[in-house]
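Here the structure is laid out as structure tokens; the discussion comes afterwards.
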Amino acid sequence: MPLAASLLKNRRAALWDGLLVAVGVLFIGFTFHAYRSFEPSSQPGGARLSISASEADGRIASAKAYLTSHPDSFQAWSELAVASYEKGPDHYVDAMNALNKARDLGATDDRLFYYAGVMYDALGLPDYAIHELERYLRHDPANYDAQLRLANVWFKQKNYDQAQVLYRQALKYWPRDPTVWFNAAIVNEQKGDLKEAERDLDETQKLAGHLPPGGYFAEGELSRLKGDENAAIAAYQQEISAHPEYLPALEALETAWKRKNDFRQAREIHKQIMDLKRIAPLPAHG
């Protein structure tokens, strides 16, 4: 049965909440290095399929034309799925329907697990995303993209134990990757492993030379959890100085001033928050 109804119904669930959005745990939003392209080819060194919208449209049209006379071709359904995937999140429902059709007809390419995992995550179906990404990693356990995506899905599900396991594993593969260290810091912070989180943030800054958006906010949260209110305020202010529209830091700073009974400063920050919320654009789907 087509997935359109159930996937579109759940699409808003793909929007992240609270800390995860703010801190930018998804490695896609925090890239210190030249981003490692995912390589779905089964051959060593195979390049990721990355095509223009017009080329994707051409492949979609070609696959559909072939399917009119060969409706049971799993290769054509696979081509239709991947070309639709390359068109982006607005086409993921069509891509998933084609991908499932290809599988029903016998497609076994392990790359399809990866594509399905990415799309299920974007469409707000994390259990399906976890299942598909785990299946892909059984074929390619050291794949950077798939491993971090899976860890991030577990994080969004608030299963910090599973996320921590994956990030620790990732650090064995990529010990000098600041993206992995930063994500590990956020997971450890959520688990209450404050010393590990501090170490991870220090390593992030040492390797990258700076923290990503949300990094000083994370430092502020660690200070708050340790009971050092002044250090927390200083870190929140540093985040706001670098990123004036970083809402979680503003909200944390307002609360911190209230805890210190400095209601004048709390009101000033509250005004900034209200001004920001009035002009903030609606988040994009997917």
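Inside segment 138-151, can you point out the residues that are crowded, with 21+ Cβ neighbours inside 10 Å and touching a helix residue (DSSP H, G or I) at 6+ places or on another chain (Cβ under 7 Å)?
We begin by selecting, within segment 138-151, every residue crowded, with 21+ Cβ neighbours inside 10 Å; these are 145-151.
Correct list: Ala146, Gln147, Leu148, Arg149, Leu150, Ala151.
Are any residues in segment 118-176 without any contact (Cβ under 8 Å) to a residue 60 or more places away in the chain and small (Gly, Ala, Ser), and if so, which ones?
Within segment 118-176, Ala129, Ala142, Ala151, Ala163, Ala170 meet the criteria.
If a residue counts only when it is out of contact with any Phe, Trp or Tyr (no Cβ under 7 Å at 6 or more places or on another chain), closer than 30 Å to Leu125 by Cα and at pLDDT 95 or above, which helices (runs of 4 or more DSSP H) contained entirely in segment 151-266 have at least 1 such residues?
Fully inside segment 151-266 and qualifying: 160-173, 178-191, 194-208, 215-225, 247-259.
I'd like the full set of residues that are buried (at least 23 other Cβ atoms within 10 Å of the Cβ) and either without any contact (Cβ under 8 Å) to a residue 60 or more places away in the chain or closer than 21 Å to Ala142 by Cα (or both), limited to segment 185-210.
Matches in segment 185-210: Ala185, Val187, Asn188, Glu189, Ala197, Asp200, Leu201, Thr204.
How about segment 99-117: which of its residues are of a type in the set (A, V, I, L, M, F, W, C) and in a helix (DSSP H, G or I)? Show your work before the answer.
First, pick out the residues of segment 99-117 that are of a type in the set (A, V, I, L, M, F, W, C): 99, 102, 105, 107, 112-113, 116.
Leu99, Ala102, Leu112, Phe113, Ala116, listed by residue number.
I need the full set of residues from segment 126-137 which are within 27 Å of Pro71 (Cβ to Cβ) and surrounded by 22 or more Cβ atoms within 10 Å (Cβ to Cβ), in order please.
Taking segment 126-137 and keeping what is within 27 Å of Pro71 (Cβ to Cβ), we get 128, 132, 135.
Scanning segment 126-137 gives a single hit, Glu132.
Here are some conditions: (1) in contact (Cβ under 8 Å) with a residue 40 or more places away in the chain; (2) in contact with a helix residue (DSSP H, G or I) (Cβ under 9 Å, 6 or more places away or on another chain); (3) surrounded by fewer than 24 Cβ atoms within 10 Å (Cβ to Cβ). Phe182 meets all but one. Which one does it not meet?
Here Phe182 meets the rest and fails (3).
Among the residues of segment 81-99 satisfying the criterion of being buried (at least 22 other Cβ atoms within 10 Å of the Cβ) and touching a Ser or Thr at 6+ places or on another chain (Cβ under 9 Å), which is farthest from Glu132 (Cα to Cα)? Don't jump to the end; show me each part of the working.
The initial filter retains those residues of segment 81-99 that are buried (at least 22 other Cβ atoms within 10 Å of the Cβ), namely 81-85, 92, 95-96, 98-99.
When the remaining residues are screened for being touching a Ser or Thr at 6+ places or on another chain (Cβ under 9 Å), the result is 83, 92, 95-96, 98-99.
On the way: Ala83: 19, Tyr92: 15, Ala95: 15, Met96: 12, Ala98: 16, Leu99: 12 Å.
That would be Ala83.
Mind checking which pairs have a first residue in segment 75-99 that is within 10 Å of Ala116 (Cα to Cα) and a second that is of a type in the set (D, E, K, R) and outside any helix (DSSP H, G or I), Cβ under 9 Å, 6 or more apart or different chains?
Here the result reads Ala95/Lys87, each pair linking segment 75-99 to a residue that is of a type in the set (D, E, K, R) and outside any helix (DSSP H, G or I).
Got a number for residues in segment 218-245 being small (Gly, Ala, Ser), surrounded by fewer than 24 Cβ atoms within 10 Å (Cβ to Cβ) and under 23 Å from the mean Cα position of the chain (by Cα)?
1
The values are calculated or read from the model by the stated rules, or taken from the named source; none is laboratory data. Source: prediction; values computed, not measured. Cβ atoms come from the backbone with ideal geometry, glycine included; neighbour counts cover every protein chain shown.
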